């Protein structure tokens with residue numbers, strides 16, 4: 001069992017963020033993200049700022065993309081040299097959309113421990129299957 005903040009971050013990720021994604025609820029996604037959120041894929045910055053990454057969510061919603069958990073979330077707490085408290089939640093996901101191969105990925109969602117907003121998404125181990133989803 002993690003700290004109360006770690007449990008709160010895991011609960012937010014599963015019960016708010018991922019449910020908002022699967023429901024196509026852009027307001028829920030926006031509420032989850034810090035305005036300065038950054039997205040990195042395999043260590044490369046691919047999105048800098050909430051306003052920059054929101055359009056990619058809208059494209060996913062239009063394509064009826066759904067995500068499900070393949071590896072339960074594991075949370076840890078860190079503190080920056082400036083004293084900022086962060087909660088990192090690592091999770092395995094699979095992303096699927098009708099007519100496309102599914103994609104598995106690992107993501108570490110980093111939360112600001114004060115605001116409980118996501119400040120970073122670190123995406124790695126992206127693997128696309130060779131079969132196409134029917135639905």
* Structure fact -> Going through (1) closer than 19 Å to residue 123 by Cα; (2) out of contact with any helix residue (DSSP H, G or I) (no Cβ under 8 Å at 6 or more places or on another chain) one by one, residue 82 fails only at (1)
* Taking residue 115 as the residue in question, decide whether it is at negative phi, outside any strand (DSSP E or B) and either at pLDDT below 90 or touching a strand residue (DSSP E or B) at 6+ places or on another chain (Cβ under 8 Å) (or both). => yes
* To do: Test residue 32 against the criterion of being under 18 Å from residue 9 (Cβ atoms) and at pLDDT below 95, and give yes or no.
  => no
* Among (1) within 14 Å of the chain's Cα centre (by Cα); (2) farther than 20 Å from residue 11 by Cβ; (3) free of Cβ contacts under 8 Å to residues at least 40 places away in the same chain - the single one residue 44 does not satisfy -> (1)
* Structure fact -> Of the candidates 93, 59, the one satisfying the condition of being assigned to a strand (DSSP E or B) and either touching a strand residue (DSSP E or B) at 6+ places or on another chain (Cβ under 8 Å) or loosely packed, with under 12 Cβ neighbours inside 10 Å (or both) is 93
* Among (1) touching a strand residue (DSSP E or B) at 6+ places or on another chain (Cβ under 8 Å); (2) surrounded by 13 or more Cβ atoms within 10 Å (Cβ to Cβ); (3) modelled with pLDDT of 95 or more, which single condition is residue 2 missing? -> (3)
* Kindly indicate whether any position in the range 45-56 is out of contact with any strand residue (DSSP E or B) (no Cβ under 9 Å at 6 or more places or on another chain) and either surrounded by fewer than 14 Cβ atoms within 10 Å (Cβ to Cβ) or assigned to a helix (DSSP H, G or I) (or both). => yes
* For residue 82, work out the one condition from (1) over 21 Å from residue 19 (Cα atoms); (2) in contact with a strand residue (DSSP E or B) (Cβ under 8 Å, 6 or more places away or on another chain); (3) not in a strand (DSSP E or B) it doesn't fulfil. => (2)
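May I ask you to say which residue of 112, 106 is over 18 Å from residue 34 (Cα atoms) and surrounded by 14 or more Cβ atoms within 10 Å (Cβ to Cβ)?
106
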* Asked: Based on what the data block shows, is residue 48 at pLDDT 95 or above and at negative phi?
  -> yes
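The values are calculated or read from the model by the stated rules, or taken from the named source; none is laboratory data. Keep in mind the model is a prediction, meaning the values are calculated, not measured. Here Cβ is always computed from backbone atoms with ideal geometry, including for glycine, and neighbour counts include all displayed protein chains.
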